[in-house]
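Undergrad: This is the structure, below, for whatever I ask next.
The values are calculated or read from the model by the stated rules, or taken from the named source; none is laboratory data. Model, not experiment: these values are computed from the prediction. In this analysis, Cβ positions are derived from the backbone assuming ideal geometry, glycine residues included, and neighbour counts consider all displayed protein chains. What goes into the accessible areas is simple: the full protein's heavy atoms, side chains included, and nothing from ligands, DNA or RNA. Shrake-Rupley method; radii C 1.70, N 1.55, O 1.52, S 1.80 Å.
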Amino acid sequence: MTFPYRSMFLYSLVSALGLISTMPQPQSANAAPSCSTPALSRIQRHQVSRGETLEGIAQGYKLMPATIIGMNPFINNGTVRVGTELQIPPFNGIVVEVPPTQTWRQVAVKYKVRPDTLFEINGCQQNPRVVFVPVVPGVAGSSNRIIAASPPQTAPSATIAGYPLSSATTVALPYGWQINPITKEVFFHSGVDLVAPVGTPVEAIAPGIVVFAKDQGTYGKLVIINHLGGYQSRYAQLETINVTLGQNVKKGDLLGTVGATGQPTSREPHLHFEMRSNGSLGWEAKDPKNYLTSDK
């Protein structure tokens, strides 16, 4: 990376972080964007050593602790464990999944980030599924600086709780930024892979209505259930589907069986399970561990 380009890129980034402008600045019709490797492809890995703290690690990478927490949702109460491997982004920001019915431009509008800046930071991709947005959780923007916002209100306890298999099992691949064990590429895993033999019964974790029950691309055979309170559970890569569209199900009802359809990311047979909530950007992925409980 040459120094002139680096200066231009950092200036663009500072503009996005510091101004969070509501009105994009005009660009020449012939101006070429300054594009390099997408931010999400520049994620580093940091193994926590004895004596290190979240604040110290963040300072070492010139990041805010909130950014590291957002990239590593397994961090509890701001405490990092020795030996844990953290995903470290190149600069402050959050990861946002672009809903199927929207574009990255709509994400830019939502977060009040200049579209050209978001485009360049993400490597000038035309239709990315996931983007890095240069805003910081719990931080508000002003015209000259970034200031800490008021602490967010504690979220209410999840109203959905259950387990999609007959008993608790090993997690082959957790939620969040991961390294694909097959392709070795860094990617965002929107659910958890629960290890289970092919043919294992898959159960509804809570009452709801089936809104999808058929093949869906990389998900393979997929069942989606909408629950009260704006929650949704997804059961993917099934071998068989035992419910139909519009069917009302109770907690524990049979939905299908574990399979290997679609494009599994774990080598072991497993159920890919997701939890989502209905937000301003559509059905937003949540960490399933906050909803998975097993009393069987």
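Undergrad: Give or take rounding to whole Å, what are the principal axis extents of the alpha carbon atoms in region 75-142, in descending order?
TA: Reported extents, whole Å, longest axis first: 39, 28, 21.
Undergrad: Using a 1.4 Å probe and counting only protein heavy atoms, arrange ARG45, ARG81 so the residue with the most accessible area comes first.
TA: Working: ARG45 140, ARG81 175 Å².
Order by accessible area, largest first: ARG81, ARG45.
Undergrad: So what is the relative contact order of region 167-264, in percent, for Cα pairs below 8 Å that sit 6 or more residues apart?
TA: Values: 224 pairs, mean separation 27.1, N = 98.
With pairs under 8 Å counted, the relative contact order is 28 percent.
Undergrad: On the full set of protein chains, 1.4 Å probe, figure out the accessible area of ILE94 and give it in Å² to the nearest 10.
TA: Rounded to the nearest 10, the figure is 30 Å².
Undergrad: Suppose the chain between ASN278 and GLU85 were pulled fully straight at 0.36 nm per residue; how much longer would it get relative to their current alpha carbon spacing?
TA: On the way: separation 193, 0.36 × 193 = 69.48 nm, distance 3.05 nm.
Here the segment from ASN278 to GLU85 would lengthen by 66.4 nm.
Undergrad: Given a Förster distance of 45 angstrom, what is the FRET efficiency for ILE209 paired with GLU268, based on the Cβ-Cβ distance and rounded to 0.05?
TA: Working: r = 31 Å, r/R0 = 0.69.
The value I calculate is 0.90.
Undergrad: Using 0.36 nm times the number of residues separating CYS124 and SER49, minus their current alpha carbon distance, what extension gain do you get? Working shown, then result.
TA: On the way: separation 75, 0.36 × 75 = 27.00 nm, distance 3.60 nm.
So the chain would gain 23.4 nm between CYS124 and SER49.
Undergrad: In addition: How large is the accessible surface of PHE273 in square angstrom, using a 1.4 angstrom probe and rounding to the nearest 10?
TA: In the full protein context, PHE273 sits at about 0 Å².
Undergrad: What is the sum of charges, Lys and Arg at +1 and Asp and Glu at -1, for the other residues whose Cβ falls under 15 Å from the Cβ of VAL192?
TA: Details: positive: ARG234, ARG276, LYS286, LYS289; negative: ASP193, GLU268, GLU274, ASP287.
Combined, the nearby Lys, Arg, Asp and Glu give 0.
Undergrad: How many nm is it between the label spots at SER166 and THR244, if each spot is 7 Å from the Cα in line with the beta carbon?
TA: According to this spin-label approximation, the distance is 2.7 nm.
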